[in-house]
Amino acid sequence: MKKILLPLDGSEASLKAFMPAKSLAELLETTLCILHISEEKLNQDAFLKKLGIKKEDLKCYIISHKAGDPAKIILEESEQCDYIVMGTHGETCDTTQKAGSVAIKVVENTYKPVLLIKPDVELSCQNDKWIPQKVLIPLNGAPNSAQALLPAMNILVKTTAEIDLLHISSHKAEPPKEEGVFTAPYYEDYPQHEWNSWSKEFMRRFCPILHNHNHINLKLSLSHGNPAEEILNFARENKNDFIAIAWHGTFSHLRASTLKRVLSECTCPIMLIKIMT
Amino acid sequence: MDIIFFDLNLSKFSVKPYYSLSEKSYLPVNERDIETLFSMGNGYIGARNSLEEFYPQSTPGTFLAGFYEKDIYNDFNILVKIPDWTSIKIFVEDEQLDLTKNETLFHRRYIDFNNGCVVREWQCADNLGRITGIKIIKFISVSNKHELGKCVLIKPENYTGNLKVLSGIDCNTADFNYLINQNLSIGSHASVQMKSKFSDKEFMMLQKSVFSCIDNILSPTPYPLSQERGQMVGEGASPPPLDTPKFKFELSSSIEFNYQTINNFGGSFEEWKWLAEAGKIYNIKSLTTIYNNMDTPNPKEAAQENFLELGNNFFESGAQKHVEKWLSRWNESVVKITGSECDQKYIDFALYHLIISGEFSGDRYSIPARNLSGEAYKGHVFWDTEMFLLPFFTYTKPEIARKLLLYRYNTLDGARQHAREEGFKGASFAWESTDTGREMTPSHVILPNGNVIYILSGQYENHISSDIAYAVWKYWQATEDMEFLVNYGAEILFETARFCESLISLEDDGIYHILTVIGPDEYHEKINDNAYTNYLVRHNLEIALQSFEFMENNYSEELLLLKKKISLKNSEVKNWKNYAGKIYSGFDEKTGLFEQFKGFYELEYVDLRRFEPRTAPMDIIFGSEKTKKSQVIKQADVLMFLYLFGENFSEDIVRKNYEFYESKTGHGSSLSPSIHSIIAARIGKIDEAYKYFIKNAKIDLNDEFGNSAGGIHIASLGGVWMSVVMGFAGMYPVDKGLIFNPKLPEEWESIEFSIKWKGQDLKVNLNKEEINFTLSGDKNIFVGLGNNNWKELESNKNYIGTRIQEIWNWKD
């Protein structure tokens, strides 16, 4: 039984994650585990009232309360869950930062997929439900990254979203060092055949789960340049409303520069999934 | 008679196993690359080497040469995928053995270069701990083009239990957009008859098998095997028990089993069920025959008769003939180098694919750019065949070169029509050719970056006709095959010369120019006076004239008939003479450079080193418009004709042009590195030549550039042979004979190979200081060392050349 963990600290910023979490739980037909992290313990009704959540809006849910270090609690509770949906910011909302300290600690320390919702999120909703319509999945051609993105793809097979795979080639950069790496073809003897063949192979290799579903509108795009810029431009031009990114799990100095920039500038929900190494 | 295929003393298979994959390196994402690398074929039929269980990650594919149909989505022909004959499923107590579910104790695949087959060894344990050893050997016969063999050996190692094997012809892999399954059932065979939905084409596949048990009567000698073998296995992997060379086996007299054939629209299979005893080895040998109505009036009867002819020992007979022929083909082609084991493997790998590409190719079909090993390029035939494969065949197996050229002859009508449609005379061969010779190049492509680019090669990349004429001439030069020249070659030369005539136009400067073409560097389209095209056109006119004069003097009656057939007038021939010397060359005597095309020097210079390392071609990095305005070159263009006509240019000229163009070449084509390797070797830049040799050899082996899954880059493998023989060994075939000017990489100690020249067999063995020739045959040939140092070699004698201070001289 899959579960969605929604940690809330009672702040407006964290509450932004409520609707995406609820929608995701309904889409996956699973339980929404609302975790209230606060020093103040409220009964269920008071808690829901405080957050402005109507009971009748919830289908299958569990509400629990914990006090203590929020990041530690979320990480502990997430062990029993399949996805975490949370706000990038909480009570001490500093929107000048790409994400608050709790969100950063959580995404750095879990292999569970984390759907991050920013305070200024733009959600594409239909009938009070958030369902991705136009998804962007950047893929660097490394099998581990594609493998990490499977949980995101498992969500997408249940939607009718158009899915844009984006592979960004670059110069002055070595390709990922990993067995099975498949980047843009260096040789394109006959472009009239090469690109079709390469695109097909890329999708088969990295998104077999999506490629094998006829109802899924899967498109592969190739761009060249700075990865962060290309992702942001692409998302803007194509009005992507959900981005799933595999990453190596650290925001330390000089690491994850692409992700830092995408998180800072992009307002749609972003799912981060840490690559198992 | 036991033959080596199922003599379990399998050390014979391991003399030169090329590639091994332990279970650790089984990676689903790489599966389609492996299928390509280990593909099988004989030029008539080709098959990807999929794991026989057909996993979701696999793309099995069997292709029948010439079985083209019009694409239902586009206006060009594509090669249609037919059912796959390699399917084998093994069940232990009704549970299918599955590489992704069972514990893999050992797994590897390799190409057996000695026997021309592919081998898979697999040892797995199911969840009850039952260990099964499996060995599967497959081959496509180079002896009989219609025969395909597979042999599976199964050993329940620690259990006695019920085994089931399902082996047959899987139709689910075929392209049902174009094919209809006739669902034919023939007695104790797996059989599939399919026909085209859109044409009269049909084919028949028939699989017949024999089942046996081999008792292990001596206790096995424990592993390890030979040192050599052990090194090929992944670390920590244990060996398959089937593979122990000191076992002795005998055929058991009887075994009880249930057998049935299963036929449905998904395919036709043979099924065996039996109680398997621990330690025994069970063997199913299957031979599949395939016939189609393009070459046989009644494919069904022919497929059955094939088995009758082979008799009761059909598998042994078929396999034995294949092995014998393979050995002979391998020995004819082999190139041995000492000094680098790894480079030897690159060469062996190339030779394997070259042999399987060409054996039965030609006449009505040719070798597609990805051979019959994948769907990419739709089975289309490009200039790759004449420029990168013909040298190998012309100088090692001219019979195959002849047949490949006959394919062009047989598509002359399509080429004539193409020329007419484009407003030209003569014959304009298709840039992308299939069975008709009509142009099959798609008009446009949508790039993954969303841009639409129009493909102009079909209209403007006219050099292909002169490339084919060049290949005809080189074949004639190497073989003196009068019958071919008189009956076929001359017609190609005359018709392409006519086409050339209509390409050129006289300008005010009194010189003939060729406007609006595309040269080998496809980054620059619709250019004027491409040096490559102009040089090849000039050559085309010259050789057409020479062959006309030759026939006039020696085959006047045949010439008359040909002239009548193609309405060739003497005045046309006279014109060829006039044009040839007056075509603009782009050569500047002051600089020693050929300008790639008019205006090239004015384009923006780009320092390509600034973009390294990169994973994308330069036209993707720049976009096509910026690329067109720059001096970035896709592949060898000027250097290409300097390679083709090496004897016509001084080393100084070649060096100047190499130094000018090499730094501007982005190598956006896999055809580029091999030519750079040859040219660099010829001008003594051995380190660069070696660097390009390695770059080329690794194109598929490392799949560094992400497009091997769609099929082998057969031309780049032809380029491997060319780099060694025509680059490092420095062979230039010219009218008088063969010139050698070897320059070996530092790592290499020697190179040994054979060349067919004027019907004679010349064995060449060279090192950095000495070159040995042994001529076999019945007539003398001329061999030159370095510059103009000719010697007439007599047959059955040895000759030695030595190098003293960079100069090669004959040793008396």
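The values are calculated or read from the model by the stated rules, or taken from the named source; none is laboratory data. If you're wondering where the values come from, they're calculated on a predicted model, not measured in any experiment. Here Cβ is always computed from backbone atoms with ideal geometry, including for glycine, and neighbour counts include all displayed protein chains. What goes into the accessible areas is simple: the full protein's heavy atoms, side chains included, and nothing from ligands, DNA or RNA. Shrake-Rupley method; radii C 1.70, N 1.55, O 1.52, S 1.80 Å.
If I ask for residues that are open to solvent by 60 Å² or more (accessible area, probe 1.4 Å), touching a residue at least 12 places away in the same chain (Cβ under 8 Å) and either in a helix (DSSP H, G or I) or within 12 Å of chain B (Cβ to nearest Cβ) (or both), which ones from segment A:206-228 would you list? Listed by number, the list holds a single entry, A:Lys219.
Wholly within segment B:415-531, which strands (runs of 3 or more DSSP E) include no fewer than the required count, namely at least 1 residues that are open to solvent by 40 Å² or more (accessible area, probe 1.4 Å) and within 14 Å of chain A (Cβ to nearest Cβ)?
Result: B:444-446, B:452-454.
Note on segment B:176-212: residues that are under 30 Å from B:Lys155 (Cα atoms), hydroxyl-bearing (Ser, Thr, Tyr) and in contact with a Ser or Thr (Cβ under 7 Å, 6 or more places away or on another chain) total 3. Pairing residues of segment B:116-129 that are touching a residue at least 60 places away in the same chain (Cβ under 8 Å) and over 30 Å from B:Leu354 (Cα atoms) with residues that are in a strand (DSSP E or B) and open to solvent by 10 Å² or more (accessible area, probe 1.4 Å), at Cβ distances under 6 Å and at least 6 apart in sequence or on separate chains, gives B:Gln123/B:Leu105. Would you be able to say whether some residue in segment B:625-641 is open to solvent by 20 Å² or more (accessible area, probe 1.4 Å), within 32 Å of the chain's Cα centre (by Cα) and of a type in the set (A, V, I, L, M)? No, segment B:625-641 has no match at all.
In this structure, is B:Glu147 in the same structural domain as B:Ile34 (by TED's automatic domain parsing) and surrounded by fewer than 24 Cβ atoms within 10 Å (Cβ to Cβ)? It is false that B:Glu147 is in the same structural domain as B:Ile34 (by TED's automatic domain parsing) and surrounded by fewer than 24 Cβ atoms within 10 Å (Cβ to Cβ).
Out of all the residues in segment B:195-210, which are surrounded by 17 or more Cβ atoms within 10 Å (Cβ to Cβ), within 22 Å of B:Asn313 (Cα to Cα) and either out of contact with any His (no Cβ under 8 Å at 6 or more places or on another chain) or of a type in the set (S, T, N, Q) (or both)? B:Met204, B:Met205, B:Gln207, B:Ser209 - these are the residues of segment B:195-210 that are surrounded by 17 or more Cβ atoms within 10 Å (Cβ to Cβ), within 22 Å of B:Asn313 (Cα to Cα) and either out of contact with any His (no Cβ under 8 Å at 6 or more places or on another chain) or of a type in the set (S, T, N, Q) (or both).
The residues of segment B:346-355 that are more than 9 Å from the chain's Cα centre (by Cα) and open to solvent by less than 10 Å² (accessible area, probe 1.4 Å), listed by number, are B:Ile347, B:Asp348, B:Phe349. Of the helices (runs of 4 or more DSSP H) lying entirely inside segment B:644-755, those carrying at least 2 residues that are away from chain A (no Cβ under 14 Å), open to solvent by 10 Å² or more (accessible area, probe 1.4 Å) and of a type in the set (A, V, I, L, M, F, W, C) are B:651-662, B:686-701.
Here A:Pro175 meets each of (1) free of Cβ contacts under 8 Å to residues at least 24 places away in the same chain; (2) facing chain B (nearest Cβ under 7 Å); (3) part of a loop (DSSP other than H, G, I, E, B) with one exception, condition (1). Taking every residue in segment B:673-691 that is of a type in the set (D, E, K, R) and pairing it with any residue that is in a helix (DSSP H, G or I), at least 6 positions away or on another chain, the pairs with Cβ-Cβ distances below 7 Å are B:Arg682/B:Gly646; B:Arg682/B:Val654; B:Arg682/B:Gly727; B:Glu688/B:Ala680. Exactly one residue among B:Asp343, B:Asp295 is open to solvent by less than 10 Å² (accessible area, probe 1.4 Å), under 25 Å from the mean Cα position of the chain (by Cα) and either of a type in the set (Asp, Glu) or assigned by TED's automatic domain parsing to the domain that holds B:Trp721 (or both), and that residue is B:Asp343. Number of residues in segment B:581-618 that are closer than 22 Å to B:Pro673 by Cβ and assigned to a helix (DSSP H, G or I): the value is 6.
Restricting attention to segment B:54-105, the residues that are away from chain A (no Cβ under 14 Å), of a type in the set (A, V, I, L, M, F, W, C) and open to solvent by less than 20 Å² (accessible area, probe 1.4 Å) add up to 12. Number of residues in segment A:107-128 that are within 20 Å of A:Cys268 (Cβ to Cβ), outside any loop (DSSP other than H, G, I, E, B) and open to solvent by less than 70 Å² (accessible area, probe 1.4 Å) equals 6. Residue count for segment B:756-768, restricted to those that are in contact (Cβ under 8 Å) with a residue 40 or more places away in the chain, in contact with a Phe, Trp or Tyr (Cβ under 8 Å, 6 or more places away or on another chain) and open to solvent by 10 Å² or more (accessible area, probe 1.4 Å): 1.
Of all residues in segment B:370-382, none are part of a helix (DSSP H, G or I) and more than 14 Å from every other protein chain (Cβ to nearest Cβ).
Say whether the condition of being at the interface with another protein chain (Cβ under 8 Å from one of its Cβ atoms), over 26 Å from A:Ser264 (Cβ atoms), touching a strand residue (DSSP E or B) at 6+ places or on another chain (Cβ under 9 Å) and polar (S, T, N, Q) is met by at least one residue in segment A:134-156. No, there is no match, as no residue in segment A:134-156 is at the interface with another protein chain (Cβ under 8 Å from one of its Cβ atoms), over 26 Å from A:Ser264 (Cβ atoms), touching a strand residue (DSSP E or B) at 6+ places or on another chain (Cβ under 9 Å) and polar (S, T, N, Q). Name the single residue that is nearest to the other protein chains (Cβ to nearest Cβ) among those in segment A:193-205 being open to solvent by 20 Å² or more (accessible area, probe 1.4 Å) and either over 26 Å from the mean Cα position of the chain (by Cα) or of a type in the set (Phe, Trp, Tyr) (or both). Here the answer is A:Ser197. With respect to the stated conditions, B:Asp588 fails to be within 14 Å of chain A (Cβ to nearest Cβ) and open to solvent by 10 Å² or more (accessible area, probe 1.4 Å). Within segment A:49-106, the residues that satisfy the criterion of being in contact with a Gly (Cβ under 8 Å, 6 or more places away or on another chain), open to solvent by 70 Å² or more (accessible area, probe 1.4 Å) and not in a helix (DSSP H, G or I) are A:Glu91, A:Thr92.
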